[in-house]
Amino acid sequence: MTSDEIVALEPVRGKSSLVRVVLRDLGVIEIPLPVWADGGYRIGMQLNEEEIEVLSLQAEVAKAWELALSSLDRKPRTVREMDGYLRKKGVTGQVREQVVQNLLDRNLLSDEQYAKLFSTARGKRMSRAELAWKLQQRGVGREVFEPVLNTDEALQAERLAAEQTGKKCWRRYRGEEPLQRRQKTAAYMQRHGFSTSVIRQVLSELERQSEDLLP
């Protein structure tokens, strides 16, 4: 590949932000409209190899950008998740880096915001330790999620989660001896990340309630 000529410019149906640059030999390259406008391109223009590579890169970025936005429309993602999603779609490292940075710059991607949404959605069903583990698995750093999980709202949500978890388990073991019932409930709550102090508070409250906790 040494050079090629721009022979036509066409709109992209349903995507007003893109245009189709038609090259005589290489065919069609879809690029963002501002790239065409700002790059000084015109029909009949001869492009050398380097200029074609630049256009091709812009086409990759545009395609990856559409993939990223479509993904975020379906569900929020962390930075790591977005990078992994684009990698699975075949997007190269340089392009992934550029797209992710653009998303960050436009506040369309944020690990902090993800942690807040995740905590709000699941905080009443999980301990903060379990939330922290799941956020770490998704690539959210400790320095990001710790402030989110140490708010008054997060502490209150964890208390509700502990009460619900403890009550469900307490009912399950209603036929056990009192000590075994307490131990099994405590062990279950520990496995789900609740602290010893929270478990003790919940168990004390459960024991003060009616023995069988009738609905």
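The values are calculated or read from the model by the stated rules, or taken from the named source; none is laboratory data. Keep in mind that what you see is a predicted model, and the values were worked out from it rather than measured. Please note: Cβ atoms are built from the backbone with ideal geometry, for glycine as well, and neighbour counts cover all protein chains shown.
Checking Glu207 against (1) more than 26 Å from the chain's Cα centre (by Cα); (2) on the phi > 0 side of the Ramachandran plot, which test does it fail?
(2)
Given (1) in a helix (DSSP H, G or I); (2) aliphatic (A, V, I, L, M); (3) not assigned by TED's automatic domain parsing to the domain that holds Asp83, identify the lone condition not met by Val99.
Looking at each condition in turn, Val99 falls short on (3).
Of all residues in segment 127-160, count the ones that are more than 28 Å from Leu109 (Cβ to Cβ) and hydrophobic (A, V, I, L, M, F, W, C).
Residues meeting the conditions: 1.
Select from segment 15-69 the residues that are within 21 Å of Tyr85 (Cβ to Cβ), among the charged types (D, E, K, R) and at pLDDT 90 or above and write down the one among them that is farthest from the chain's Cα centre (by Cα).
Result: Glu30.
Restricting attention to segment 152-173, which residues are polar (S, T, N, Q) and either touching a residue at least 12 places away in the same chain (Cβ under 8 Å) or over 18 Å from Ser197 (Cβ atoms) (or both)?
Gln164, Thr165
For the subset of segment 62-80 comprising residues that are outside any helix (DSSP H, G or I) and touching a Phe, Trp or Tyr at 6+ places or on another chain (Cβ under 9 Å), which member is nearest to Glu112 (Cα to Cα)?
That would be Thr78.
Is at least one residue of segment 76-84 farther than 30 Å from Glu146 by Cα, crowded, with 19+ Cβ neighbours inside 10 Å and not assigned by TED's automatic domain parsing to the domain that holds Glu146?
No: segment 76-84 contains no residue that is farther than 30 Å from Glu146 by Cα, crowded, with 19+ Cβ neighbours inside 10 Å and not assigned by TED's automatic domain parsing to the domain that holds Glu146.
Residues in segment 14-22: is at least one surrounded by fewer than 15 Cβ atoms within 10 Å (Cβ to Cβ) and either among the aromatic types (Phe, Trp, Tyr) or within 20 Å of Gln98 (Cα to Cα) (or both)?
Within segment 14-22, one or more residues are surrounded by fewer than 15 Cβ atoms within 10 Å (Cβ to Cβ) and either among the aromatic types (Phe, Trp, Tyr) or within 20 Å of Gln98 (Cα to Cα) (or both).
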